[in-house]
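Just below is one structure, and these are the notes that go with it.
Just so it is clear, none of the values below were taken in a lab; they were calculated from the coordinates. Just so it is clear, the model here is predicted, and its values are computed rather than measured. For neighbour counting, all protein chains shown are included, and Cβ atoms are generated from backbone atoms with ideal geometry for every residue, glycine included.
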Amino acid sequence: MLTCSKTYKDIPFAHRQPLHEGHCSKIHGHNWSITLEFQASELDKNGFVVDFGKLKYIKAFIDSTLDHACLFSKDDAIIGDLANSSYGDLFNICWVENASCEGIALFLYETFSKLIKENEGERVSIKTITLHEDAKNFVTYTP
Ligand SMILES: [Zn+2]
């Protein structure tokens, strides 16, 4: 099977782990990188797994939802109070099930898989997604 990969680098956004006993409970940011590995049941008419030039909907999602945003867990009550206060406008919040690197990778897999299906049909799917917090720490999800 042929695969191809596309990486989106240096996407600044913040998160926090409300239950963590260390510094991860504080709101903090990283310059995240996302690598999507695509697989296809057959190549397209150009001989591509996926045409990188047609993935603008992925970049559009990153720019509109992740860039300079805060990804917080849906059950983070303190952030919920903050979001509903007069300070709520300070944050571009994207709520996820769990704002760990692992949870964000799952969220991005589900989001991008839906977009890929809408735009590419059944021929192409995401084989793996790798989410880098920084140069040292990353998570890979393979469904
Ligand atoms: Zn972090």
Sorting 7, 105, 131 by the position of each Cα along the dipole of the chain (Lys, Arg +1; Asp, Glu -1; all at Cβ), the one nearest the positive end of that ordering is 7
Let me have the 222 nm mean residue ellipticity of the chain computed from DSSP H runs of 4+ only, each contributing -39500 (n - 2.57), with the sum over all residues rounded to the nearest 500.
-> -7000 deg cm²/dmol
So for R0 = 35 Å, FRET eff. of residue 35-residue 90 from the Cβ-Cβ r, to 0.05, ends up at 0.70
Neighbour net charge for residue 51 - beta-carbon separation under 13 angstrom, K R +1, D E -1 = +3
Under a GNM of the chain (C-alpha, springs under 10 Å), which listed residue has the highest mean-square fluctuation: 104, 27, 116?
-> 27
What is the helix-to-structure angle for 101-120, meaning the angle in degrees between its Cα long axis and the longest Cα principal axis of the chain, kept from 0 to 90 and rounded to the nearest 10?
-> 40
Using all C-alpha to C-alpha distances in region 3-141, build P(r) with 5 Å bins and read off the rounded percent in each one.
-> 2, 9, 19, 22, 17, 13, 9, 6, 3, 1, 0
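DSSP loop (so not H, G, I, E, B), at most 11 other Cβ within 10 Å: list which trypsin sites (Lys or Arg not before Pro) in region 97-143 pass both filters.
In loop regions of region 97-143 (DSSP not H, G, I, E or B), the sparsely surrounded trypsin sites (Lys or Arg not before Pro) are 136.
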For region 1-69, state which chymotrypsin sites (Phe, Trp or Tyr not before Pro) are in a DSSP loop and have at most 13 other beta carbons lying within 10 Å of their beta carbon.
-> none
For the chain, what relative contact order do you get, as a whole percent, if you take Cα pairs closer than 8 Å and at least 6 residues apart?
-> 28
What aspartates and glutamates sit close enough to residue 114 to cross-link, taking a C-alpha to C-alpha distance under 12 Å and skipping anything fewer than 8 places away on the same chain?
-> 122
Measuring from label point to label point, each 7 Å out along Cα→Cβ, what is the residue 67 to residue 81 span in nm?
-> 3.4
Subtracting the Cα-Cα distance from 0.36 nm times the residue separation, let me have the gained length for residue 52 to residue 5 in nm, one decimal.
-> 16.0 nm
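Looking at region 66-143, which chymotrypsin sites (Phe, Trp or Tyr not before Pro) are in a loop (DSSP not H, G, I, E or B) and have at most 15 other Cβ atoms within 10 Å? Mind dumping the intermediate values first?
Working: sites: 72, 87, 91, 95, 107, 109, 112, 138, 141; in loops: 87, 91.
Loop-located and lightly packed - 87.
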